[in-house]
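Undergrad: Here it is: the structure, laid out below.
Just so it is clear, none of the values below were taken in a lab; they were calculated from the coordinates. Keep in mind it's a predicted model, so treat the numbers as computed, not measured. Every residue, glycine as well, gets a Cβ built from its backbone with ideal geometry; the counts of neighbours run over all protein chains shown.
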């Protein structure tokens, strides 16, 4: 599983370098690609800081012992089921009343304090087993990598727009200076061309953002189903189904619009529970 995560990250970074090298040259491509890769891989630590995550070792005794039991149990299950050593994964608690859990990148996962308290050991294993799949497949790293690329692309489009409009102004001023054009008609023509160019870049920028949101929504939902399946493979399908049905489902009862469905990072809870039951029947 870790191999697949590494490969998809390596492919994106390699493509980044190829494209940037073609546009900006090798030196700039190397610097930008290295910066994107560092952001994607190390971003989990800034996210942990932002969420005020508390490492397992710094927790009160009751919370620390509970997470240690869960960590040990998951380590044994992962080794038995998939032959993967996850003993190096670090667990944290987020001081929040929400019922949620997070995978931050390569080796850091967290549950909210409410989730820790409301779940028994087996249910907590089901929730964190789901997050382990995200860590092994480096999903958060991949998402940050794509986000960095989209950000770079939108900035590049904005710079391209600025250069193009500035060039149009320069040409217009020079033409006026040499008496090639002037008057109201020339101003109207220039204004029209300028508006078309700016609109073209703005449309391109919006297209990139919308395409990113749609694509990452699709990818993220697929990752959620895969993570649910991995938790089931570890032996926690019934516990995960219970958690989703009684806690997560209870928070998401409102009807979603087509727009919300297309852009959602998580599948509908009912679909997730149904898939979990299908996994159980298949086994």
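Undergrad: Please give the number of the condition residue 110 fails out of (1) part of a helix (DSSP H, G or I); (2) closer than 17 Å to residue 247 by Cβ; (3) out of contact with any helix residue (DSSP H, G or I) (no Cβ under 7 Å at 6 or more places or on another chain).
TA: Looking at each condition in turn, residue 110 falls short on (1).
Undergrad: So is residue 129 farther than 29 Å from residue 209 by Cα and free of Cβ contacts under 8 Å to residues at least 60 places away in the same chain or not?
TA: It is false that residue 129 is farther than 29 Å from residue 209 by Cα and free of Cβ contacts under 8 Å to residues at least 60 places away in the same chain.
Undergrad: Okay, moving on. Taking residue 44, is it surrounded by 14 or more Cβ atoms within 10 Å (Cβ to Cβ), in contact with a strand residue (DSSP E or B) (Cβ under 7 Å, 6 or more places away or on another chain) and within 21 Å of residue 118 (Cβ to Cβ)?
TA: no
Undergrad: Let me ask something else about it. Just to verify a result, which residue in the stretch 174-198, among those that are touching a helix residue (DSSP H, G or I) at 6+ places or on another chain (Cβ under 9 Å) and part of a loop (DSSP other than H, G, I, E, B), is surrounded by the most Cβ atoms within 10 Å (Cβ to Cβ)?
TA: Top of the filtered list is 181.
Undergrad: Residues being in a helix (DSSP H, G or I) and either within 22 Å of residue 2 (Cα to Cα) or over 28 Å from the mean Cα position of the chain (by Cα) (or both): count how many of those fall in the stretch 39-80.
TA: Matching residues across the stretch 39-80 total 27.
Undergrad: Return yes when residue 201 is touching a helix residue (DSSP H, G or I) at 6+ places or on another chain (Cβ under 6 Å) and either surrounded by 11 or more Cβ atoms within 10 Å (Cβ to Cβ) or not in a helix (DSSP H, G or I) (or both) and no when it is not.
TA: It is true that residue 201 is touching a helix residue (DSSP H, G or I) at 6+ places or on another chain (Cβ under 6 Å) and either surrounded by 11 or more Cβ atoms within 10 Å (Cβ to Cβ) or not in a helix (DSSP H, G or I) (or both).
Undergrad: Then there is this: Condition first: in contact (Cβ under 8 Å) with a residue 12 or more places away in the chain, closer than 19 Å to residue 216 by Cβ, surrounded by 13 or more Cβ atoms within 10 Å (Cβ to Cβ) and touching a helix residue (DSSP H, G or I) at 6+ places or on another chain (Cβ under 8 Å). Can you find one or more residues in the stretch 157-169 that meet it?
TA: Checked the stretch 157-169: at least one residue is in contact (Cβ under 8 Å) with a residue 12 or more places away in the chain, closer than 19 Å to residue 216 by Cβ, surrounded by 13 or more Cβ atoms within 10 Å (Cβ to Cβ) and touching a helix residue (DSSP H, G or I) at 6+ places or on another chain (Cβ under 8 Å).
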